[in-house]
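Below: one structure, written as structure tokens.
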Amino acid sequence: MSSLYDLTSNWQHVYDMDLDEDTWLDTLDAIHEDVKDKAENSGRLIRSWESDVKALKSEEERLAKKRKAIENRIKSLKGYLQDNMERMGEKKIKTDLFSFNIQNNPASLKFTDEKLIPEKYYTVETSRKYDNKAIKDDLKAGKVINGAELKTSQSLRIR
């Protein structure tokens, strides 16, 4: 970032520093100036950093939007590949660079009717919550739990 105000070399050094707070404060103390000049330069430094923070926040938002767009493209392209592989009846495709495999994901818990879940599967914290691990373990062991089931899905793996 560049300084919003013209800072003297001492204050430009402070602006550019990336030190722990104690060392940084010691450096400020080492600048020997009249209190008015020190206050003036501190104000310039604060305004410069406020400007930097505003610019960085804007850049963070822009980058977050760009990251999300790319993540969505990845998800979309993987779905496209998986759909085409499934239509062709292909579970595996190997190329010179990649191996594409459609594999089962680990079973995930899906609640079909939460009102039917027995009390023993609830945990009490600040609000009532399910003990998902216990429900999943019992379903895997073959127990029938009204209102819950294991759901297996598939996804494309690229290696």
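Ranking MET85, MET17 by Cβ neighbours within 10 Å, fewest first, what do you get? List each step's numbers first, then the result.
Working: MET85 17, MET17 11.
Result, fewest neighbours first: MET17, MET85.
Give the range of the longest stretch in the chain that excludes all GluC sites (Glu not before Pro) found in loop regions by DSSP and having at most 14 other beta-carbon atoms within 10 Å.
Maximal segment without exposed cleavage sites: 34-89.
Label region 83-159 by shape, choosing from rounded, prolate and oblate, from the square roots a ≥ b ≥ c of the eigenvalues of the Cα gyration tensor; if a/c is under 1.5 it is rounded, and otherwise prolate applies when a/b is larger than b/c, oblate when it is not. In terms of gyration-tensor shape, prolate. Against the main long axis of the alpha-carbon atoms of the chain, helix 21-30 sits at an angle near 10°.
Pairs exceeding a 22 Å alpha-carbon distance, out of LYS115/LYS143; LYS66/LYS92; LYS36/LYS57; LYS115/LYS136; LYS94/LYS140: LYS66/LYS92; LYS36/LYS57; LYS94/LYS140. Taken one residue at a time, the phi angles of region 135-140 give Karplus couplings (6.51, -1.76, 1.60, θ = phi - 60°) of 4, 4, 4, 5, 5, 4 Hz. Gly and Pro are set to x.
Angle of helix 35-87 to the longest C-alpha principal axis of the chain, folded into 0 to 90 degrees and rounded to 10: 20°.
Values quoted throughout were computed directly from the atomic coordinates according to the rules given, and no laboratory measurement underlies them. Nothing here was measured: the structure is a model prediction, and the numbers come from that model. Counting neighbours? That spans all protein chains shown, and the Cβs are built from the backbone with ideal geometry, glycine included.
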